[in-house]
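Report on one structure; see the data block that follows.
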Amino acid sequence: MSILTYLNSLYDGKIYGEIIKTGVDVESFEELRKCVLDFNPNLIATRTMTYFKDFFFETIKEIRSYLPDVPIIAGGPHPTIAPDDCLLNTEIDACVVGEGEIIVSNLVGNMLKNNGKFPSTKDLREIRGLAFAVNRFVPSKLYHG
């Protein structure tokens, strides 16, 4: 089951998401930018495999250039096995370590309770399966929940 479908069933339609696949839905960073800005997200959730990590790092950097304040989380095989690599080499806010449905639903549930705001460090520590930099701008302080 996709995480988006799971979130919609769990939160009774309060979630509106869009899935954008690079190389399928968009062919360039310019097209990605247009899609993302048109959607105007409160949260960006991505996934990657180790094979694509360099492209992933570049994509996150690009997204951050025009959405510096929107939280970005990453899941999938690479963030699960190497969350430190993702946190130290990108400006993502958190890595989902393991199966994402429960972990992301806890994160989104917290956001729904807080008017769409990304959880505080204290609240992030309560979500099992998240790895994050305590301060995105001081990535040497990493936390694994």
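The values are calculated or read from the model by the stated rules, or taken from the named source; none is laboratory data. Bear in mind the structure is a predicted one, so any value in this text is a computation, not a measurement. As a convention, Cβ positions derive from the backbone with ideal geometry for all residues, glycine included, and neighbour counts pool all protein chains shown.
Determine whether region 79-88 contains at least one residue that is closer than 25 Å to Leu32 by Cα and modelled with pLDDT under 90. Looking for residues that are closer than 25 Å to Leu32 by Cα and modelled with pLDDT under 90, one finds at least one in region 79-88, hence yes.
Can you find, within region 9-50, the residue that is nearest to the chain's Cα centre (by Cα) among those that are of a type in the set (A, V, I, L, M) and part of a loop (DSSP other than H, G, I, E, B)?
Going residue by residue through region 9-50, those that are of a type in the set (A, V, I, L, M) are 10, 15, 19-20, 24, 26, 32, 36-37, 43-45, 49.
Pick out the ones that are also part of a loop (DSSP other than H, G, I, E, B) and you get 15, 19-20, 24, 43, 49.
On the way: Ile15: 15, Ile19: 13, Ile20: 13, Val24: 20, Leu43: 7, Met49: 14 Å.
Looking at residues that are of a type in the set (A, V, I, L, M) and part of a loop (DSSP other than H, G, I, E, B), I get Leu43.
So in region 19-60, with the set limited to residues that are acidic (Asp, Glu) and either in contact with a His (Cβ under 6 Å, 6 or more places away or on another chain) or farther than 24 Å from Glu101 by Cα (or both), which one is surrounded by the fewest Cβ atoms within 10 Å (Cβ to Cβ)? If we take residues in region 19-60 being acidic (Asp, Glu) and either in contact with a His (Cβ under 6 Å, 6 or more places away or on another chain) or farther than 24 Å from Glu101 by Cα (or both), then Asp38 is surrounded by the fewest Cβ atoms within 10 Å (Cβ to Cβ). Within region 42-65, residues that are of a type in the set (S, T, N, Q) reach partners that are at pLDDT below 95 and exposed (fewer than 13 other Cβ atoms within 10 Å of the Cβ) with beta carbons closer than 7 Å, at six or more positions or on different chains, in the pairs Asn42/Gly116. Would you confirm, using the coordinates I've provided, whether Leu107 is surrounded by fewer than 16 Cβ atoms within 10 Å (Cβ to Cβ) and aliphatic (A, V, I, L, M)? Considered against the rule, which asks whether it is surrounded by fewer than 16 Cβ atoms within 10 Å (Cβ to Cβ) and aliphatic (A, V, I, L, M), Leu107 comes out as no. Taken over region 62-91, the criterion of being closer than 17 Å to Pro41 by Cα, part of a helix (DSSP H, G or I), of a type outside the set (A, V, I, L, M, F, W, C) and within 13 Å of the chain's Cα centre (by Cα) is satisfied by Arg64 alone. Before we move on, is Tyr6 hydroxyl-bearing (Ser, Thr, Tyr), outside any strand (DSSP E or B) and in contact (Cβ under 8 Å) with a residue 40 or more places away in the chain? Yes.
Picking from residues in region 9-41 that are of a type in the set (A, V, I, L, M, F, W, C) and in contact (Cβ under 8 Å) with a residue 40 or more places away in the chain, the one that is nearest to Ser105 (Cα to Cα) is Leu10. Taking the listed residues Asp69, Asp38, the one that is under 21 Å from Asp123 (Cα atoms) and acidic (Asp, Glu) is Asp69, with no other qualifying.
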